[in-house]
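Structure record follows, encoded as structure tokens.
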Amino acid sequence: MIVLKDVRKSYVLPKVTVEVLRGIDMEVAEKEFMAIMGPSGSGKSTLLHIIGCLDRPTSGTYMLFGVDVSRKTDNELAELRNRKLGFVFQSFNLLPRFPAWKNVELPLLYSGVHATERKQKALEILAKVGLSHRAEHYSNELSGGEQQRVAIARALINNPAIILADEPTGNLDSRSGKEIMEIFKGLNKEGVTIILVTHEKEIAEQAGRTITIKDGMCQGGCY
């Protein structure tokens, strides 16, 4: 499903070029649950952003579903993200002026889905993550764990093949973090590929495979 070969990423600053990824080779199989670990500044999030087509590598090859992503236009990448990928972030990224169900339905706006169908599907997905009773609540009325479940529901609304999660338990207490991991494990059993960035060993141990990134290079587990 995912193949990276000698993927590098650097940023040119006024006085220096910063190399973030220094030649990543890795593969991810369909329906896999994989964790990415590494110290702060190792390149974990940059790697996840490249996998999620939110950023492009400076050099190297990235094949997603057998297609060379570098040949895609920005519009094609946006369509690919909307149809095939779901994103969950540490900071939830919910819109405070919308209730939970409207946050969940947002990706469907870009797919031309009718308003009635959007709401129905959003409510179904909220029920799947155990939040049907909180559908009309705003983010400031939800706990951190509930906000993250709304974010997961939003990521699921287009039935993505891959969920990409960047420190999804980082802002949660241990109980909420455990609940979120149970949701991810359940989704993986249903056939969704999960790629999760974390700095917590106990979180990574719940994945099927862990790769370690250090100084922009893979230190193990990439195949």
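The values are calculated or read from the model by the stated rules, or taken from the named source; none is laboratory data. All values derive from a computational prediction rather than experimental measurement. Ideal geometry is used to build each Cβ from the backbone, glycine not excepted, and the neighbour counts take in all protein chains shown.
T198 meets all of the listed conditions (1) at negative phi; (2) surrounded by fewer than 22 Cβ atoms within 10 Å (Cβ to Cβ) but one, namely (2). Among the residues of segment 31-49, those that are part of a helix (DSSP H, G or I) and within 17 Å of M63 (Cα to Cα) comprise T46, L47, L48, H49. Candidates in segment 175-195 are the residues that are of a type in the set (A, V, I, L, M) and not in a helix (DSSP H, G or I); of these, the one that is surrounded by the fewest Cβ atoms within 10 Å (Cβ to Cβ) is V192.
The residues of segment 42-52 that are within 22 Å of S70 (Cβ to Cβ) and either among the polar types (S, T, N, Q) or without any contact (Cβ under 8 Å) to a residue 12 or more places away in the chain (or both), listed by number, are S45, T46, H49. Screening the candidates Q90, Q147, Q120 for the property of being in contact with a strand residue (DSSP E or B) (Cβ under 7 Å, 6 or more places away or on another chain) and of a type in the set (S, T, N, Q) yields one hit, Q90.
Looking across segment 16-74, the residues that are of a type in the set (G, A, S) and either touching a helix residue (DSSP H, G or I) at 6+ places or on another chain (Cβ under 6 Å) or within 17 Å of I162 (Cα to Cα) (or both) come down to A29, A35, G38, S45, G52, G66. Only helices (runs of 4 or more DSSP H) whose full extent lies in segment 61-163 are considered here, and the ones with at least 2 residues that are surrounded by fewer than 17 Cβ atoms within 10 Å (Cβ to Cβ) and either of a type in the set (F, W, Y) or under 20 Å from the mean Cα position of the chain (by Cα) (or both) are 74-84, 100-109.
Results for (1) in contact (Cβ under 8 Å) with a residue 12 or more places away in the chain; (2) under 25 Å from G221 (Cα atoms), shown as yes or no for each residue.
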site	(1), (2)
E27	yes, yes
S40	yes, yes
T58	yes, yes
V67	no, yes
L85	yes, yes
E105	yes, no
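One residue stands out among those in segment 45-60 that are more than 28 Å from T169 (Cα to Cα) and small (G, A, S): the one that is surrounded by the most Cβ atoms within 10 Å (Cβ to Cβ), which is G60. Restricting attention to segment 17-44 and to residues that are of a type in the set (S, T, N, Q) and within 26 Å of G170 (Cα to Cα), the residue that is modelled with the highest pLDDT turns out to be S42.
Could you list, in sequence order, the residues of segment 1-30 that are assigned to a loop (DSSP other than H, G, I, E, B) and loosely packed, with under 15 Cβ neighbours inside 10 Å? Within segment 1-30, L13, P14, K15, V16, A29, E30 qualify. Restricting attention to segment 207-223, which residues are in a loop (DSSP other than H, G, I, E, B) and surrounded by 18 or more Cβ atoms within 10 Å (Cβ to Cβ)? Those that are in a loop (DSSP other than H, G, I, E, B) and surrounded by 18 or more Cβ atoms within 10 Å (Cβ to Cβ): A207, G216, C222. Applying the condition of being hydrophobic (A, V, I, L, M, F, W, C) and farther than 20 Å from M181 by Cβ to segment 105-153 and asking which residue is modelled with the lowest pLDDT yields L109.
Contact annotation: residue pairs with Cβ atoms under 6 Å, 6 or more positions apart or on different chains, pairing a residue in segment 122-147 that is of a type in the set (S, T, Y) with a partner that is assigned to a loop (DSSP other than H, G, I, E, B) and surrounded by 15 or more Cβ atoms within 10 Å (Cβ to Cβ), are S139/L94.
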